[in-house]
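Here is the structure we will look at.
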Amino acid sequence: MQYVAPIGIGILYALVMSLVREPHRRRLNAVMVAGAGAAYLSGGGLGGWEFAFTALLTYVAFRGLESWTWIGVGWLLHTVWDIVHHLKGNPIIPFAHTSSLGCAICDPVIALWCLRGGPSLVEWVRNRRGAARSRPGTTSGEDLGRDGTAGAASPTLG
């Protein structure tokens, strides 16, 4: 569960963000990745490097205001930072020792969604359902015969 839940959280994040219309979705995600860049600041586990990383992710987030690719890069950079913190022993949530590991699993899921352009998963599901309903050869779940009428499918010879 420790490894599966973060994947689910990443998918849930993309689903919830899919409810926001473009271009607001991209801009909101840029703000989110900027916030993620500052997530470890109060822990100070890596000293001055925490400030350097925050500055780097602030720049990446700024570029992300106009580019999904930069937002995806930001989440991948945060993944690396999560791994460093997990190995060093300074978790993102001080009382949850594996929280940085969970974040390192979740962030690439979000990054992949962003690198695909942050598409609306809600619309994707709707389109898939609509395509399944309008597939050639079926109407309302019934098979069509060779002549295109509903009923039992005609056998075909090889």
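The values are calculated or read from the model by the stated rules, or taken from the named source; none is laboratory data. On a predicted model such as this, the values are computed, not experimentally measured, just so you know. All Cβ positions, even for glycine, are placed from backbone atoms using ideal geometry, and neighbour counts span all protein chains on display. Accessible surface areas use protein heavy atoms only, side chains included; no ligands, DNA or RNA. Shrake-Rupley method; radii C 1.70, N 1.55, O 1.52, S 1.80 Å.
Observations on the structure shown:
- Residue pairs whose Cβ atoms lie under 6 Å apart, sitting 6 or more positions apart in sequence or on different chains, and linking a residue in the stretch 100-128 that is more than 21 Å from LEU77 (Cα to Cα) to a partner that is assigned to a helix (DSSP H, G or I) and open to solvent by less than 60 Å² (accessible area, probe 1.4 Å), are LEU121/ALA14.
- Scope the stretch 33-62; condition without any contact (Cβ under 8 Å) to a residue 12 or more places away in the chain and surrounded by 15 or more Cβ atoms within 10 Å (Cβ to Cβ); matching residues: GLU50
- Residues that are over 19 Å from TYR13 (Cβ atoms), open to solvent by 30 Å² or more (accessible area, probe 1.4 Å) and assigned to a helix (DSSP H, G or I) within the stretch 84-118 comprise VAL84, HIS86, LEU87, LYS88, listed in sequence order.
- The one condition in (1) hydrophobic (A, V, I, L, M, F, W, C); (2) touching a residue at least 40 places away in the same chain (Cβ under 8 Å); (3) surrounded by 15 or more Cβ atoms within 10 Å (Cβ to Cβ) that ALA5 fails to fulfil: (3)
- Qualifying residue in the stretch 126-133 (condition: modelled with pLDDT under 50, open to solvent by less than 60 Å² (accessible area, probe 1.4 Å) and over 30 Å from TYR3 (Cα atoms)): no
- Only a single item in (1) assigned to a helix (DSSP H, G or I); (2) farther than 18 Å from ASP107 by Cα; (3) small (Gly, Ala, Ser) is not met by SER42, and it is number (1).
- Test: residue in the stretch 28-39 that is part of a loop (DSSP other than H, G, I, E, B) and over 14 Å from ILE110 (Cβ atoms): yes
- Some residue of the stretch 141-150 being of a type outside the set (A, V, I, L, M, F, W, C), modelled with pLDDT under 95 and part of a helix (DSSP H, G or I): no
- Flag for LEU15 being in contact with a Leu (Cβ under 9 Å, 6 or more places away or on another chain), in a helix (DSSP H, G or I), in contact (Cβ under 8 Å) with a residue 24 or more places away in the chain and surrounded by fewer than 16 Cβ atoms within 10 Å (Cβ to Cβ): yes
- Reported count of residues in the stretch 47-77, each being farther than 18 Å from ARG27 by Cβ and not β-branched (Val, Ile, Thr), is 11.
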